[in-house]
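Participant: First, the structure itself, so that you have it in front of you.
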Amino acid sequence: MKILTTQLTGLFQRIAKDEEALEDTARLLAQAVIGEGRIHLAAFGELEAVAAAALNGPEMFESAVRFDPAAELSTADRVWILARRDEGDFLAQELAGRSIPFAMLTAESHANEAAHAFLSLNIDKGLLPGEDGGRIMIPHGLGALYAYHAVKITMDEMLAD
């Protein structure tokens, strides 16, 4: 248990060091709130945990809704794509083609040049050694939830000023 705690602490510290990407994401999403738009959360796979926390948790994300491909997006709206790796790339291409500002978070190492704000958590392997020599405990969801809360806190501070 101690090894897991140490590894998770290290992961969270590494994510926190990417302040610029966290702040860029918070700034982009805050624009929706200031401009009376909505934050559309497009979460894939286990990163649905972020959408669940943002939409149903005790500290809900102001102006957030679950992304609906059929929804009409206004210029005040922002989209936050949350994907393990490249599951959200098709949506990123579509949004970029429509000039809709969006942020993107990927759990594994990945890049997307079209995103207005981008954060890769670089969680490409498990945190703990497994009995078979491989790595286990791949914390994609935990890392994404940590990043979500860091973005939310930063965004709330920006909106309070």
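Participant: On a straight-distance basis, which lysines could pair with Lys152 in a cross-link, Cα separation under 23 angstrom, same-chain partners fewer than 8 positions away excluded?
Facilitator: Once the sequence-local lysines are set aside, what remains near Lys152 is Lys17.
Participant: Of the heavy-atom accessible surface of the chain (probe 1.4 angstrom), what whole percent is carbon and sulfur? Don't skip to the end; give the middle numbers.
Facilitator: Working: 4420 of 8510 Å².
Summing carbon and sulfur atoms, their accessible area is 52 percent of the total for the chain.
Participant: On to the next question. With every protein chain kept in place and ligands, DNA and RNA left out, what is the accessible area per residue of the range 71-136? Probe 1.4 Å, answer in Å².
Facilitator: On the way: 3310 Å² over 66 residues.
Averaged over the residues of the range 71-136, the accessible area is 50 Å².
Participant: May I pose another question? Counting other Cβ atoms within 10 Å, keep those with at most 12, restrict to DSSP loop, and tell me which chymotrypsin sites (Phe, Trp or Tyr not before Pro) in the range 71-161 are left. Kindly include the intermediate steps, with their values, before the conclusion.
Facilitator: Numbers: sites: Trp80, Phe90, Phe102, Phe118, Tyr146, Tyr148; in loops: none.
Those that pass, being in a loop and sparsely packed, number zero.
Participant: Shifting gears a bit: Which of the trypsin sites (Lys or Arg not before Pro) across the range 79-161 are loop residues per DSSP, with 15 or fewer other Cβ within 10 Å? Don't jump to the answer; show the numbers that get you there.
Facilitator: Numbers: sites: Arg84, Arg85, Arg98, Lys125, Arg135, Lys152; in loops: Arg84, Arg85, Arg98, Lys125.
Answer in residue order: Arg98, Lys125.
Participant: Can you tell me what share of the DSSP beta bridges in the chain is antiparallel? A percent to the nearest 5 is fine. Walk me through the numbers before you get to the answer.
Facilitator: Numbers: 2 of 19 bridges.
The answer is about 10 percent antiparallel.
Participant: Could you compute how fast the range 64-140 diffuses translationally, taking Rh as the Kirkwood radius over C-alpha pairs and applying Stokes-Einstein at 37 °C with viscosity 0.692 mPa s? Give it in µm² per second.
Facilitator: On the way: Rh = 13.9 Å.
Diffusion coefficient, whole number: 237 µm²/s.
Participant: Going by accessible area, probe 1.4 Å, with all protein chains left in place, what is the ranking of Glu20, Glu157, Glu48, largest first?
Facilitator: Working: Glu20 130, Glu157 110, Glu48 70 Å².
Largest accessible area first, the residues go Glu20, Glu157, Glu48.
Participant: Something else now. Note down the Stokes-Einstein diffusion coefficient of the range 1-142 in µm²/s, whole number, using a Kirkwood radius over alpha carbon pairs, 20 °C, and 1.002 mPa s.
Facilitator: Using the Kirkwood radius from Cα pairs, D works out to 134 µm²/s.
The values are calculated or read from the model by the stated rules, or taken from the named source; none is laboratory data. Nothing here was measured: the structure is a model prediction, and the numbers come from that model. In this analysis, Cβ positions are derived from the backbone assuming ideal geometry, glycine residues included, and neighbour counts consider all displayed protein chains. Heavy atoms of the whole protein, side chains included, go into the accessibility calculation; ligands, DNA and RNA do not. Shrake-Rupley method; radii C 1.70, N 1.55, O 1.52, S 1.80 Å.
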